[in-house]
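Report on the following structure.
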Amino acid sequence: MTGDGTGDIVQIRITLQEIEPPIWRRVQVPADLPLRRLHDVIQAVIGWLDYHLYRFEVGAKRYGPPELVGDNDFGPPTYSDRNTRLAQLIGRGVEQFIYTYDFGDDWRHDIVIERTLPAAPDVD
């Protein structure tokens, strides 16, 4: 990443697990995108309707919406996804993580950070 990563673009591949043929999307998003906004991107590109809870699993840590934040009896605590940004994960050496949508149906997605690019100044 260049500098502090705030002006970079991250290319990620989102693949729905355990589906044949594979269902996947490749998107480019700002490196300073919070995980909460990445959830919105995934909802849009996969075609989900945002009716259910979700969670990101990054190594041993979980991130999600306020309904899940805090300690619980079902495993490690879930931290808020509002302030954790892709650039922070990349800075920690994260190359892939998991996004789970709808805990009843358990739709799991592999999120792979493919590359980081400098942002083009004339592109929104």
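Every read-out reported here was derived from the displayed coordinates using simple, explicitly stated rules and does not represent laboratory data. Please read these numbers as outputs of a predicted model, since none were measured by experiment. A quick note on method: Cβ atoms are made from the backbone with ideal geometry, for glycine too, and the neighbour counts reach across all protein chains shown.
What the table shows:
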read-out: Other-chain or far-sequence residues with amide H under 5 Å of residue 9's (modelled H); value: 31, 117, 119
read-out: Calculated FRET value between residue 23 and residue 117, using beta carbons and R₀ = 25 Å, to 0.05; value: 0.50
read-out: For segment 47-58, Karplus couplings with θ = phi - 60° (6.51, -1.76, 1.60), whole Hz, Gly/Pro x; value: x, 6, 10, 6, 8, 10, 6, 8, 7, 9, 10, 10
read-out: Relative contact order, percent, the chain [alpha-carbon distance under 8 Å, six or more residues apart]; value: 34 percent
read-out: Top positive-direction residue, dipole computed over the chain with Cβ charges, set 68, 117, 56; value: 117
read-out: Extension reserve of the residue 52-residue 108 stretch, reckoned as 0.36 nm per residue once the Cα distance is removed; value: 18.9 nm
read-out: Amide H partners (placed H, <5 Å) of residue 81, local residues excluded; value: 64
read-out: Max mean-square fluctuation residue, GNM over the chain, Cα-Cα springs under 10 Å, options 36, 85, 25; value: 25
read-out: Cα gyration tensor, the chain - rounded (a/c under 1.5), prolate or oblate; value: oblate
read-out: Whole-Hz couplings from phi, Karplus 6.51/-1.76/1.60, listed for segment 93-103; x for Gly and Pro; value: x, 5, 10, 7, 7, 10, 10, 10, 10, 6, 5
read-out: Estimated dipole of segment 8-114 in Debye, rounded to 20 [Cβ of Lys and Arg +1, of Asp and Glu -1, Cα centre]; value: 400 debye
read-out: GNM flexibility winner over the chain from 39, 109, 52 (Cα, springs under 10 Å); value: 52
